[in-house]
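The values are calculated or read from the model by the stated rules, or taken from the named source; none is laboratory data. Values in this document were obtained by computation on a predicted structure and should not be read as measured data. Note that each Cβ is placed from the backbone with ideal geometry, even for glycine, and that neighbours are counted across all protein chains shown.
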Amino acid sequence: MSQGRILCCGEALIDMIPGGGGYVPHTGGAVFNTAIALGRLGARAGMLTGLSRDMFGAMLEAELAASGVETELVIRSDRLTTLAFVQLTEGKARYTFYDENSAGRMISADDLPELPEDVGTLFFGGISLVVEPGAEAYAALLSREAARRVVMIDPNIRPGFVTDEARYRARLGAMIGQADLMKVSDEDLDWLVPGAATVAEKLRSLPGPHVTVVTEGAAGATAYLSGGGAVSVAARAVEVADTVGAGDSFNAGFLAALDARGLLSKPGIAGIGPEAVEAALAQANAVAAITVSRDGANPPWAAELASA
């Protein structure tokens, strides 16, 4: 029982992945990947991003449409598309970004559209929370809408991409403080709250979310509820092709599971219990496991998940 459209707000870019003696363009970006995965899982998903009118922008828009993601809120311009060159080492991805003056990076708060009433949930994350002026635009959107729509955030922190750490920490802290749901890796959490001894101690320093999910790769994931208590789910054993898009697929699986239970509303999240969170974690792990079992950010369709 869906509570409305899930609008993914953030970067859409081209991953240049090694292949054929060079690099092959693939659609990507953390927030884009989450939108694609949501659409494939059957959730009603939309994308709010800055897209170029160049050939890569057309490639991104075609992929969104093919996965059932709605694009009427996309902000289009003649600036170029962000490129991310991917280096794979033992299945793990490292990125070099070419993002100056790009269509995605250069959106401002003045470009933001009014959101339709059917948008019930906003998802934020990735490098779009780092690079300005776009990062400030997304922060403004979250502040504008957080009082009446569910907000999930996945910082997906890349320390090497941060040029003004104090400014980034302040913006990210304010966004987390207004979020209802958050997913972080154990590495993200260490960066957000350095020096704290335990996960519980770190989370006490990050007030805001009703549910915070901490992922630990092969060790699985644990969700911490603001009212107390925690729920853990083991990762699925799978032969890993690469980890591109794993966390993004996890986010989509988690949100889609909550959406299917009719919990993506302010009251639904405020009153969420451990059973629903555990079910959402289990689906998130299942979706991510399929994605990492094949090359690139290629999340599963609902029928694939059902037969897994």
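Within the stretch 96-125, which residues are farther than 30 Å from Val150 by Cα, assigned to a loop (DSSP other than H, G, I, E, B) and either at pLDDT 95 or above or of a type in the set (Ser, Thr, Tyr) (or both)?
Once the filter is applied, which keeps residues that are farther than 30 Å from Val150 by Cα, assigned to a loop (DSSP other than H, G, I, E, B) and either at pLDDT 95 or above or of a type in the set (Ser, Thr, Tyr) (or both), the stretch 96-125 yields only Asn101.
Considering only the stretch 218-236, state which residues are within 20 Å of Val193 (Cβ to Cβ) and either crowded, with 17+ Cβ neighbours inside 10 Å or charged (D, E, K, R) (or both).
Passing the criteria: Ala221, Thr222, Ala223, Tyr224.
Please go through the stretch 199-224 and pick out each residue that is touching a helix residue (DSSP H, G or I) at 6+ places or on another chain (Cβ under 9 Å) and among the basic types (Lys, Arg). Give the derivation first.
Step one: list which residues in the stretch 199-224 are touching a helix residue (DSSP H, G or I) at 6+ places or on another chain (Cβ under 9 Å), which gives 199, 202-203, 205-217, 219-224.
The one that is touching a helix residue (DSSP H, G or I) at 6+ places or on another chain (Cβ under 9 Å) and among the basic types (Lys, Arg): Lys202.
Quickly run through the stretch 151-202 and pick out the residues that are crowded, with 16+ Cβ neighbours inside 10 Å, among the acidic types (Asp, Glu) and not in a helix (DSSP H, G or I).
Matches in the stretch 151-202: Asp154, Asp180.
On the given criteria, is Glu275 charged (D, E, K, R) and over 25 Å from Glu187 (Cβ atoms)?
yes
Between a residue in the stretch 126-139 that is free of Cβ contacts under 8 Å to residues at least 60 places away in the same chain and over 21 Å from Phe250 (Cα atoms) and any residue that is part of a helix (DSSP H, G or I) and among the acidic types (Asp, Glu), which pairs come within a Cβ distance under 7 Å, given they are 6 or more apart or on different chains?
As it stands, the answer is Ala137/Asp111, since those pairs meet every condition given.
Give, as residue ranges, the strands (runs of 3 or more DSSP E) completely inside the stretch 1-95 that count at least 2 residues that are at pLDDT below 95.
13-19, 22-28, 83-89
Of the residues Gly104, Gly120, only one is touching a residue at least 60 places away in the same chain (Cβ under 8 Å), surrounded by fewer than 23 Cβ atoms within 10 Å (Cβ to Cβ) and of a type outside the set (Val, Ile, Thr); which?
Only one candidate passes the filter, namely Gly120.
Starting from the stretch 47-61, take each residue that is over 12 Å from His26 (Cα atoms) and free of Cβ contacts under 8 Å to residues at least 24 places away in the same chain and list its partners that are β-branched (Val, Ile, Thr) and surrounded by fewer than 24 Cβ atoms within 10 Å (Cβ to Cβ), counting only C-beta distances under 9 angstrom and pairs at least six apart or across chains.
Note: pairs meeting the criteria are Glu61/Thr71; Glu61/Val74.
In the stretch 135-145, what residues are within 22 Å of Gly245 (Cα to Cα) and either surrounded by fewer than 18 Cβ atoms within 10 Å (Cβ to Cβ) or not aromatic (Phe, Trp, Tyr) (or both)?
Ala135
Here is a yes/no grid of residues against (1) among the aromatic types (Phe, Trp, Tyr); (2) in a helix (DSSP H, G or I); (3) surrounded by fewer than 17 Cβ atoms within 10 Å (Cβ to Cβ); (4) touching a Phe, Trp or Tyr at 6+ places or on another chain (Cβ under 6 Å):
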| residue | (1), (2), (3), (4) |
| --- | --- |
| Ala252 | no, yes, no, no |
| Gly268 | no, yes, no, no |
| Val277 | no, yes, no, no |
| Asn285 | no, yes, no, no |
| Ala288 | no, yes, no, yes |
| Gly296 | no, no, no, no |
| Ala306 | no, yes, yes, no |
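Look at Val233 and say whether it is touching a Leu at 6+ places or on another chain (Cβ under 6 Å), on the phi < 0 side of the Ramachandran plot and β-branched (Val, Ile, Thr).
For Val233, the condition - touching a Leu at 6+ places or on another chain (Cβ under 6 Å), on the phi < 0 side of the Ramachandran plot and β-branched (Val, Ile, Thr) - is met.
Quick check on the stretch 188-204. Is at least one of its residues within 29 Å of Tyr98 (Cα to Cα), in contact (Cβ under 8 Å) with a residue 40 or more places away in the chain and of a type outside the set (Phe, Trp, Tyr)?
no
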